[in-house]
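Chemist: The structure under discussion is supplied below as structure tokens; questions concerning it will follow.
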Ligand code: SF4
């Protein structure tokens with residue numbers, strides 16, 4: 001496949017016959033900066049949004065747009081996708097490449113940070129552009145879609161490195177690609193015998209759930225175990241449509257996990273995170289996997305919490321949620337340090353042979369190990 005098609009292109013093409021609903025959802029959403037003019041923003045808000053959009057692309061499919069409460073300037077859905085003038089304020093210490101994807105990229109479109117897995121970037125385009133994205137510099141400056149030729153060096157690299165077990169399709173959003181491209185990518189990866197798992201990081205089930213069709217599922221099914229990692233940040237994103245999309249993925253036999261980003265003004269309260277995690281697990285059948293501390297992406301200081309605030313939130317969550325509903329609070333360290341847990345440690349110290357460990361009730365107890 002040699003075109004660099006993406007959802008915008010497909011929506012505009014005659015491939016719409018298979019399922020008109022998601023193409024309509026793309027066409028009826030915000031696809032260009034100029035579409036912001038049609039939104040119920042004040043003149044000042046619109047001017048500020050258009051200025052900020054120059055730094056990071058804007059795209060909002062209809063289903064996500066319809067979740068916005070325009071009467072609430074602090075609406076958590078709006079905060080995630082409508083450009084804000086605060087994005088133009090860059091704080092000292094913010095980075096173009098906060099987790100060092102480029103430093104660990106031996107060939108184009110691939111990052112190899114951990115021995116047994118790689119990130120593969122089939123496209124740098126998304127169905128929705130999130131204002132807080134930690135890869136926005138790549139999405140803005142590269143802006144390329146999928147071509148089979150572009151992935152050749154990355155696939156050759158994976159084939160040469162037998163320690164690689166997992167291939168993680170990310171980007172950009174891999175599910176913003178046409179079914180034909182996804183099928184081709186899946187087939188090319190699964191032809192490499194030592195690869196065992198295909199992981200897909202995507203916000204499509206959240207922002208464009210109509211895109212999760214039986215044809216898309218068929219494109220991904222093959223030899224490899226498939227794990228889909230969704231990206232819900234707020235319970236308001238969980239609707240009948242997102243529920244149906246996740247059911248389709250589950251019924252295909254895919255394992256579903258979710259990673260959220262902790263965002264000030266969006267989900268930085270115990271109540272919001274508690275509802276999100278419960279609805280993910282109980283309604284969608286999606287295991288809350290990671291809660292990410294906000295990366296050092298440029299122009300995002302207004303959305304980051306402190307680590308201490310995040311620790312307090314996850315401590316409270318542990319009191320309220322079962323283990324299966326609790327995500328792991330992590331930071332993806334700069335310079336390629338990888339993801340590490342941030343929750344405060346329950347171990348308070350040691351008295352001789354006994355550990356002093358703080359329980360969920362706040363009491364510190366002595367725990368003496370008994371081993372054979
Ligand atoms: S979908 Fe993912 S890669 Fe795309 S803008 Fe949102 S967070 Fe970034």
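Chemist: Just to verify a result, which residue in segment 100-120, among those that are within 20 Å of residue 331 (Cβ to Cβ) and within 16 Å of the ligand (Cβ to nearest atom), is nearest to the chain's Cα centre (by Cα)? Quick ask: steps written out before the conclusion?
Modeler: Kept after step one, since they are within 20 Å of residue 331 (Cβ to Cβ), are these residues of segment 100-120: 100-104, 111, 113-114, 117, 119.
Narrowing the set further to residues that are within 16 Å of the ligand (Cβ to nearest atom) leaves 101-102, 111, 119.
Details: 101: 15, 102: 19, 111: 17, 119: 13 Å.
Top of the filtered list is 119.
Chemist: Taking the stated definitions as given, is residue 118 buried (at least 22 other Cβ atoms within 10 Å of the Cβ) and assigned to a strand (DSSP E or B)? Lay out the reasoning, then the answer.
Modeler: Details: buried (at least 22 other Cβ atoms within 10 Å of the Cβ): yes; assigned to a strand (DSSP E or B): yes.
Taking the combined requirement at face value, the residue satisfies it.
Chemist: Could you run through segment 132-160 and say how many residues are within 16 Å of the ligand (Cβ to nearest atom) and closer than 24 Å to residue 212 by Cβ?
Modeler: The first filter runs over segment 132-160 and keeps only residues within 16 Å of the ligand (Cβ to nearest atom), leaving 132-146.
Applying the additional criterion that residues be closer than 24 Å to residue 212 by Cβ yields 132-133, 135, 139, 145-146.
Going through segment 132-160 one residue at a time, the tally reaches 6.
Chemist: For residue 204, indicate whether it is buried (at least 18 other Cβ atoms within 10 Å of the Cβ), away from the ligand (no atom under 16 Å from the Cβ), in the same structural domain as residue 261 (by TED's automatic domain parsing) and in contact (Cβ under 8 Å) with a residue 24 or more places away in the chain. Can you show your working first?
Modeler: On the way: buried (at least 18 other Cβ atoms within 10 Å of the Cβ): yes; away from the ligand (no atom under 16 Å from the Cβ): no; in the same structural domain as residue 261 (by TED's automatic domain parsing): yes; in contact (Cβ under 8 Å) with a residue 24 or more places away in the chain: yes.
Here the answer is no, as residue 204 does not meet what is asked.
Chemist: Out of 276, 249, 284, 262, report the one residue that is modelled with pLDDT of 95 or more and under 14 Å from the mean Cα position of the chain (by Cα). Write out each step before concluding.
Modeler: Details: 276 fails: under 14 Å from the mean Cα position of the chain (by Cα); 249 fails: under 14 Å from the mean Cα position of the chain (by Cα); 284 fails: under 14 Å from the mean Cα position of the chain (by Cα).
Unique residue meeting the criteria: 262.
Chemist: In addition: Out of curiosity, is residue 97 surrounded by fewer than 22 Cβ atoms within 10 Å (Cβ to Cβ) and within 15 Å of the ligand (Cβ to nearest atom)?
Modeler: On the way: surrounded by fewer than 22 Cβ atoms within 10 Å (Cβ to Cβ): yes; within 15 Å of the ligand (Cβ to nearest atom): yes.
Taking the combined requirement at face value, the residue satisfies it.
Chemist: Continuing with the same structure: Take residue 123 and tell me if it is more than 29 Å from residue 89 (Cβ to Cβ), within 12 Å of the ligand (Cβ to nearest atom) and either outside the structural domain of residue 296 (by TED's automatic domain parsing) or within 19 Å of the chain's Cα centre (by Cα) (or both). Give the derivation first.
Modeler: Details: more than 29 Å from residue 89 (Cβ to Cβ): yes; within 12 Å of the ligand (Cβ to nearest atom): yes; either outside the structural domain of residue 296 (by TED's automatic domain parsing) or within 19 Å of the chain's Cα centre (by Cα) (or both): yes.
In short, yes.
Chemist: What residue, of 91, 150, 115, 100, is assigned by TED's automatic domain parsing to the domain that holds residue 179 and farther than 25 Å from residue 293 by Cα? Step through it out loud before you land on a result.
Modeler: Working: 91 fails: farther than 25 Å from residue 293 by Cα; 115 fails: farther than 25 Å from residue 293 by Cα; 100 fails: farther than 25 Å from residue 293 by Cα.
Result of the check over 91, 150, 115, 100: 150.
Chemist: State the number of residues belonging to segment 165-177 that are within 16 Å of the ligand (Cβ to nearest atom) and outside any helix (DSSP H, G or I). Talk me through it step by step, then tell me what you get.
Modeler: Here is the first cut: in segment 165-177, the ones within 16 Å of the ligand (Cβ to nearest atom) are 168-177.
Retained after the next criterion (residues that are outside any helix (DSSP H, G or I)): 168-173, 177.
So the count comes out to 7.
Chemist: Continuing with the same structure: Quick one: is residue 181 touching a residue at least 60 places away in the same chain (Cβ under 8 Å), at negative phi, within 16 Å of the ligand (Cβ to nearest atom) and buried (at least 23 other Cβ atoms within 10 Å of the Cβ)? Steps first, answer last, please.
Modeler: On the way: touching a residue at least 60 places away in the same chain (Cβ under 8 Å): yes; at negative phi: yes; within 16 Å of the ligand (Cβ to nearest atom): no; buried (at least 23 other Cβ atoms within 10 Å of the Cβ): yes.
Against the criterion (touching a residue at least 60 places away in the same chain (Cβ under 8 Å), at negative phi, within 16 Å of the ligand (Cβ to nearest atom) and buried (at least 23 other Cβ atoms within 10 Å of the Cβ)), residue 181 does not qualify.
The values are calculated or read from the model by the stated rules, or taken from the named source; none is laboratory data. What you see is a predicted model, and the numbers here were worked out from it, not measured in a lab. Positions of Cβ are backbone-derived with ideal geometry, glycine not excepted, and every protein chain shown enters the neighbour counts.
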